[in-house]
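So the structure is just underneath, and the comments pick up after that.
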Amino acid sequence: MEDNSTFYIIYPLGLADFGLIELKKKWAMHFSESPLEILSVDEGGILINVKTLQGFALNHILKSPTRILIRFAEFKAKDFPKLFNKISKLPWKSFMIGATPEVEASATNSKLFDSRKIEKALKDGILEQYRKQPVKKKYLDHFEVNKQAEDLPTVYYRAVDDVITISLDTTGELLHKRGEKIFTGLAPIRESLASLLLTALTKNIEQDSYTLIDPMSGSGTFLIEAHDAYKINFDRTFSYQHFPLWIDYAQKKQFSDSLVSSENTQFDNYYGFEINDDVIMLAVKNTANKKIQIKKADLLKSESRIAGNNLVIINPPYGIRVGDKSDINPEFYKKVITKIRDLYAPVRLGIIIPDEHRMSFQGSEMVARIPFKNGGLPVTFFILK
Ligand SMILES: C[S@@+](CC[C@H](N)C(=O)[O-])C[C@H]1O[C@@H](n2cnc3c(N)ncnc32)[C@H](O)[C@@H]1O
């Protein structure tokens, strides 16, 4: 575990730059004594070389990735016998407990593209290694106990121009599953996306002591993600916990003791407002024991002002995603923005607007525009002054 490994941290397409901000900040908080070697950043993720144990720990620390893969081979292959041969010689022993893994395959401009044949070559190669170097009984026992688990590691095969990378998932269920029981209202935003958008909203404003306001807070995702941004996640399991490398690791307690949660000092107050009584009840359950206040209010009719150093983040209803579309149009978004400025005079206002409305803002009032997909729908997160 003291050795280094290469990890690929996956993000929603186009948002890896904000993931990098979180990664650097939290690396400095938790691992300042060791180097974070960033090998590349592309549209879909960040490739890093770090101590193997630290790579596993990132699952507990980071809030914005989709998942984290450990990458252990990169080679050229243009035929299946060569692929099988390469696979049968990889160091599966440290990572596999005798299971025949699921395979996720993707190929671009490569001779080997038939996903069924790729899957077969991978599985056969791994089984060949099990035959030559039988898996130890203690790992087979671990498999027996956990064989129904959802998070047994999946192998990721990616081929681009016949260069094949083989990785193994360290995460399991997607990272946005925080483990804590969360009740969701209509069209909630994924926790990992909420975390990335919060990073975008607060980019380059280092000062602490803001009030975060979500005027259409639904089940409270933005507020919870901001409040728990530095909470270490021990509320769920991860795929790496099924690797022999981890099963044999003697210092698990020291590992968990070394990862300590801290409070998010960027915000002093968290206020959510919501129009729907049923959703408010869920939000109140979700935010019990947190410094978050959720109250009933119709943003467009409210007269309750909040003075101070405010940041506002809002994901208004989408029409297509929440039913009736008729009232959701550019005029609606303009009214929402005017009302927010009137009530809260925010330092920054981050708002998600579907691209179908073709909204645009003057350069002078806009800090950033960040296009992404929310539940498959093309949307833009506008950050306004
Ligand atoms: C797309 S959802 C936001 C989801 C939220 N970000 C979450 O993750 O749960 C929009 C929310 O705005 C609420 N809403 C709609 N119109 C409102 C209004 N005029 N004032 C306050 N809330 C409103 C809806 O009830 C819904 O919960």
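The values are calculated or read from the model by the stated rules, or taken from the named source; none is laboratory data. Here the structure is a predicted model, which is why all the values come from computation and not from measurement. Cβ: placed from backbone, ideal geometry, glycine included. Neighbour counts: every protein chain shown. These accessible areas exclude ligands, DNA and RNA; they are computed on the full protein's heavy atoms, side chains included. Shrake-Rupley method; radii C 1.70, N 1.55, O 1.52, S 1.80 Å.
What is the residue count in segment 21-36 for residues that are open to solvent by 30 Å² or more (accessible area, probe 1.4 Å) and under 16 Å from LEU47 (Cα atoms)? The total comes to 4.
Residues that are open to solvent by 50 Å² or more (accessible area, probe 1.4 Å) and away from the ligand (no atom under 16 Å from the Cβ) were ranked within segment 157-191; the one that is nearest to TRP92 (Cα to Cα) is ARG158. Do we find that SER5 is surrounded by fewer than 22 Cβ atoms within 10 Å (Cβ to Cβ) and either in a strand (DSSP E or B) or under 19 Å from the mean Cα position of the chain (by Cα) (or both) in this structure? Yes. Could you go through segment 302-310 and let me know if any residue there is assigned to a helix (DSSP H, G or I) and within 12 Å of the ligand (Cβ to nearest atom). Within segment 302-310 (the criterion being assigned to a helix (DSSP H, G or I) and within 12 Å of the ligand (Cβ to nearest atom)), the answer is no, since none of the residues qualifies.
Can you pull out the residues in segment 141-156 that are loosely packed, with under 14 Cβ neighbours inside 10 Å and in contact (Cβ under 8 Å) with a residue 12 or more places away in the chain? Correct list: LYS147, GLU150.
Please go through segment 108-131 and pick out each residue that is open to solvent by less than 50 Å² (accessible area, probe 1.4 Å) and in a loop (DSSP other than H, G, I, E, B). Hits for segment 108-131 are SER110, LEU112. Highlighted here are the helices (runs of 4 or more DSSP H) found entirely within segment 192-298 that include at least 1 residues which are away from the ligand (no atom under 15 Å from the Cβ): 244-247, 252-258.
Residues that are open to solvent by less than 20 Å² (accessible area, probe 1.4 Å) and charged (D, E, K, R) within segment 193-227 comprise ASP214, GLU225, listed in sequence order. With respect to the conditions (1) open to solvent by less than 50 Å² (accessible area, probe 1.4 Å); (2) in contact (Cβ under 8 Å) with a residue 60 or more places away in the chain; (3) not acidic (Asp, Glu), PRO330 lacks only one, and its number is (2). Residue-level check: of (1) free of Cβ contacts under 8 Å to residues at least 24 places away in the same chain; (2) within 26 Å of LEU53 (Cβ to Cβ), ARG116 misses just (2).
One line per residue, one yes/no per condition, for (1) without any contact (Cβ under 8 Å) to a residue 24 or more places away in the chain; (2) in contact with a helix residue (DSSP H, G or I) (Cβ under 9 Å, 6 or more places away or on another chain):
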{"site": "GLN266", "(1), (2)": "no, yes"}
{"site": "LEU282", "(1), (2)": "no, no"}
{"site": "LYS285", "(1), (2)": "no, no"}
{"site": "ASN289", "(1), (2)": "yes, no"}
{"site": "LYS295", "(1), (2)": "no, yes"}
{"site": "PRO316", "(1), (2)": "no, yes"}
{"site": "ARG341", "(1), (2)": "yes, no"}
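If you go through segment 8-20 and keep only what is surrounded by 16 or more Cβ atoms within 10 Å (Cβ to Cβ) and in a loop (DSSP other than H, G, I, E, B), you end up with TYR11, PRO12, LEU15. Criterion first (at pLDDT 95 or above, surrounded by 12 or more Cβ atoms within 10 Å (Cβ to Cβ), away from the ligand (no atom under 14 Å from the Cβ) and not aromatic (Phe, Trp, Tyr)) does ARG369 satisfy it? Answer is yes for this residue.
Of the residues making up segment 267-289, those that are at pLDDT 95 or above and either under 23 Å from the mean Cα position of the chain (by Cα) or outside the structural domain of PHE222 (by TED's automatic domain parsing) (or both) are PHE267, TYR270, GLY272.
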